[in-house]
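K.L.:
Got a structure for you, questions after.
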């Protein structure tokens, strides 16, 4: 299942522990990608006045771009290339290889992806976005061209707006966020893809978000082609910063082994299909106090088994999940 970290019953204890930690990291990545994708399709309205001051109609254009871009993971070329969390484009009951023994994704990944697809198709109809395969993909490139044309010469005005939006959503000081609109999106020590599919994915990346240590503190860094993607990558970086609390008890070799397996670029398509619906269901049961970042941090600190029990409860028994999250916050 996980390369050199097998999950057979006769595997050494250390291997089983690593598999548990890999599964935990995959679950945290599901939440990270879900939060970023959810914000990608909703955050524009938080800064609508600023966007409309730059160009009237920009908010609506960004709405269409975000919905169409996220739909690309569900019904577009990305879905065609990667399929669904289950094999054979979701028609099989067998999960994709990384999730076959994953407590959450093996059971609910495909249904979460289906829920996200249906939600996006409903939104698409309200924004003039084609919600059907192939025709949607052709329209997407036209929308992308309109976005890049509208942003021409405005990157320096849009970047601080994106930073402010992400800062307000997550209550993190703006000076700890570094975001830029650029075609040169690579930064830091990027993980080398292991497969041909991963290498193909790397070639098509239009944004990166993550965490860098600068001096005595961590800074969230995000680079993306356009404004909506910049917010997406900023939120992804913020969530990564929060979720680091879930891995800080691993020694260096275990941390490297876990992230080497769980953070493969080719897994992002499936996580972006299932993650947004998982995130919305999580938000529905998360307590209003303390701040959401604290709740996510407490969840990230859970050991693998309690974490997966909680996330399954979010889907199957939301009242119990709400009670458990409230207990974690006290």
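K.L.:
Kindly express, to the nearest 10 degrees and within the range 0 to 90, the angle between helix 155-170's C-alpha long axis and the longest C-alpha principal axis of the chain.
P.N.:
With both axes taken from Cα atoms, the answer is about 40 degrees.
K.L.:
GNM on the chain, C-alpha springs below 10 Å: top fluctuator among 44, 154, 29?
P.N.:
Highest fluctuation among the options: 154.
K.L.:
Something else about it: If you wrap the stretch 41-190's Cα atoms in a convex hull and average its projection over all directions, what's the area in nm²?
P.N.:
If you wrap the Cα atoms of the stretch 41-190 in a convex hull and average its projections, you get 11.1 nm².
K.L.:
On to the next question. Taking the radius of gyration and the Kirkwood hydrodynamic radius from Cα positions alone, what is the Rg/Rh ratio for the stretch 78-148, to two decimal places?
P.N.:
Rounded to two decimals, Rg over Rh is 1.08.
K.L.:
May I ask for the angle, rounded to the nearest 10°, between helix 135-151 and the longest principal axis of the chain, with both axes built from Cα atoms and the value confined to 0 to 90°?
P.N.:
60 degrees
K.L.:
Compute the relative contact order of the chain as a whole-number percentage, counting only Cα pairs closer than 8 Å that sit 6 or more residues apart in sequence.
P.N.:
25 percent
K.L.:
Given points 7 Å out from each Cα along the Cα-Cβ axis, report the residue 284 to residue 251 separation in nanometres with one decimal.
P.N.:
4.3 nm
K.L.:
Let me have the relative contact order for the stretch 13-97, percent, based on Cα pairs under 8 Å that are six or more residues apart.
P.N.:
Relative contact order of the stretch 13-97: 14 percent.
K.L.:
As a test, work out the antiparallel percent of DSSP beta bridges whose residues both lie in the chain, rounded to the nearest 5.
P.N.:
Around 65 percent antiparallel, to the nearest 5.
K.L.:
How long are the three semi-axes of the equivalent ellipsoid of the chain, in whole Å, if each is the root of 5 times an eigenvalue of the C-alpha gyration tensor, listed from largest down?
P.N.:
30, 23, 20
K.L.:
So, one more: As a footprinting exposure proxy, order 168, 116, 49 by other Cβ within 10 Å, with the fewest listed first.
P.N.:
By the 10 Å Cβ count, ascending: 49, 168, 116.
K.L.:
Please arrange 135, 282, 82 by how many other C-beta atoms lie within 10 Å of their C-beta, fewest to most.
P.N.:
135, 82, 282
K.L.:
Need one number: nm distance between label points at residue 145 and residue 53, each 7 Å from Cα along Cα→Cβ, rounded to one decimal.
P.N.:
3.2 nm
K.L.:
Can you tell me which of 134, 239, 311 moves the most in a GNM of the chain? Springs connect C-alpha atoms under 10 Å apart.
P.N.:
134
K.L.:
Regarding the stretch 217-330, what is the average projected area of its C-alpha convex hull, in nm²?
P.N.:
8.4 nm²
K.L.:
For the chain, what is the calculated [θ] at 222 nm in deg cm²/dmol (nearest 500), taking -39500 (n - 2.57) for each run of four or more DSSP H residues and dividing by its residue count?
P.N.:
-20000 deg cm²/dmol
K.L.:
Estimate the FRET efficiency between residue 320 and residue 294 by the formula 1/(1 + (r/R0)^6), using the beta-carbon distance for r and 22 Å for R0, to the nearest 0.05.
P.N.:
Between residue 320 and residue 294 the formula returns 0.60.
K.L.:
Using Cα atoms only, what is the angle between the long axis of helix 268-285 and the major principal axis of the chain, expressed in degrees (0 to 90) to the nearest 10?
P.N.:
In the chain, helix 268-285 runs at an angle near 90 degrees to the longest axis.
K.L.:
Taking only Cα atoms and a 10 Å spring cutoff, compute GNM fluctuations for the chain and point out the largest among 34, 115, 83.
P.N.:
115
Read-outs: derived from the displayed coordinates by stated rules, not from any lab. Every value quoted in this text rests on a predicted model; they were computed, and no experiment measured them. Counting neighbours? That spans all protein chains shown, and the Cβs are built from the backbone with ideal geometry, glycine included.
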